[in-house]
1. Taking region 52-77 as the search range and keeping residues that are closer than 16 Å to residue 122 by Cβ and open to solvent by 30 Å² or more (accessible area, probe 1.4 Å), which one is nearest to the chain's Cα centre (by Cα)?
2. Which residue is farthest from the chain's Cα centre (by Cα), if the candidates are limited to region 29-51 and must be assigned to a loop (DSSP other than H, G, I, E, B) and among the charged types (D, E, K, R)?
3. Among (1) out of contact with any Leu (no Cβ under 9 Å at 6 or more places or on another chain); (2) modelled with pLDDT of 95 or more; (3) under 30 Å from residue 11 (Cβ atoms), there is one condition residue 136 misses while meeting the rest; what is its number?
4. If you take the residues of region 110-123 that are surrounded by fewer than 21 Cβ atoms within 10 Å (Cβ to Cβ) and among the polar types (S, T, N, Q), which of them is farthest from residue 76 (Cα to Cα)?
5. Restricting attention to region 1-41, which residues are over 24 Å from residue 76 (Cβ atoms), open to solvent by 20 Å² or more (accessible area, probe 1.4 Å) and aliphatic (A, V, I, L, M)?
6. Hey, among 91, 143, 108, which residue is modelled with pLDDT under 95, touching a Ser or Thr at 6+ places or on another chain (Cβ under 7 Å), closer than 20 Å to residue 65 by Cα and not hydroxyl-bearing (Ser, Thr, Tyr)?
7. Any residue in region 1-13 that is in contact (Cβ under 8 Å) with a residue 60 or more places away in the chain sitting within a Cβ distance under 7 Å of a residue that is among the polar types (S, T, N, Q) and surrounded by fewer than 16 Cβ atoms within 10 Å (Cβ to Cβ)? List the pairs, counting only those 6 or more apart or interchain.
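The values are calculated or read from the model by the stated rules, or taken from the named source; none is laboratory data. From a predicted model like this one, the values you see are computed outputs, not experimental measurements. Note that we place each Cβ from the backbone using ideal geometry, even for glycine, and neighbour counts take in every protein chain shown. Remember, those area values only see protein heavy atoms, side chains included, never the ligands or the DNA or RNA. Shrake-Rupley method; radii C 1.70, N 1.55, O 1.52, S 1.80 Å.
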Amino acid sequence: ARSIDASGRHLDYHFPADASGRSTIAIPCGDVYKNILKQYFICTPTMMMRRSMLEEMNGYDENLAFEDFDFWVRSSGRYQYHYQDEVLTRKRIIRGAMSTLVIRPKNKLLESTYLVCNKAYDLNRNQEEFDILAARIKTFIRKCFYAREFDLALKFYRLLNYIENPDPLTSLVVLLCRLRVPVNGIYRLYLRFFPPGRRRKEWQFV
């Protein structure tokens, strides 16, 4: 996909690409379950699937704030994914998009992620997949802390304990959550001056 701004001007490609729009890195194909657990790497509007597959998977879970990640987790354990190396979609990036709301208090994205992580826990097939899930859970414990979703951070923490003994840094973040230390304003100020677009974006797949 090609990212564009509100005026239709080119911003970037979803994956690093050459002048013709061809990806300059290897994109996961086939069994991508571990890749999906590790990193939110799929550009949502580029997905295509057969209707029969969608029906077999009982469609999207409409109880979630974002259904795509949940659907990818559930379907990638059963189906093979294929990447078509061609720009066929333009995705408009606007202020206030759902993906930018994850740092805000009382947003539904964090709760939905917790529910999907629970589903992934039941779907995991080996220790490597549990290790990847644990890493994602630890990331979202921090996001919950930044968004002042302290009780949800503790729910993530309990799920993490089923997988591994939490490391000292994660335990410290959880302690700060128990103390309800407010950092959301400081974190949002940091993102204002150092938005993700200014930081180097690296794609690493297993």
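1. 74
2. At the first step, the residues of region 29-51 found to be assigned to a loop (DSSP other than H, G, I, E, B) are 29, 31-32, 39-43, 47-50.
Still in the list and also among the charged types (D, E, K, R): 31, 50.
On the way: 31: 18, 50: 24 Å.
Per the criteria, the residue is 50.
3. The failed condition is (1).
4. It comes out as 112.
5. Selection gives 6, 11, 19.
6. On the way: 143 fails: touching a Ser or Thr at 6+ places or on another chain (Cβ under 7 Å); 108 fails: touching a Ser or Thr at 6+ places or on another chain (Cβ under 7 Å).
On inspection, the qualifying residue turns out to be 91.
7. Within 7 Å, the pairs are 1/46; 1/89.
Yes/no per residue for (1) open to solvent by less than 80 Å² (accessible area, probe 1.4 Å); (2) in contact with a strand residue (DSSP E or B) (Cβ under 8 Å, 6 or more places away or on another chain); (3) touching a residue at least 24 places away in the same chain (Cβ under 8 Å):
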| residue | (1), (2), (3) |
| --- | --- |
| 139 | yes, no, no |
| 146 | yes, no, yes |
| 149 | yes, no, yes |
| 153 | yes, no, yes |
| 158 | no, no, no |
| 161 | yes, no, no |
| 166 | yes, no, yes |
| 173 | yes, no, yes |
| 180 | no, no, yes |
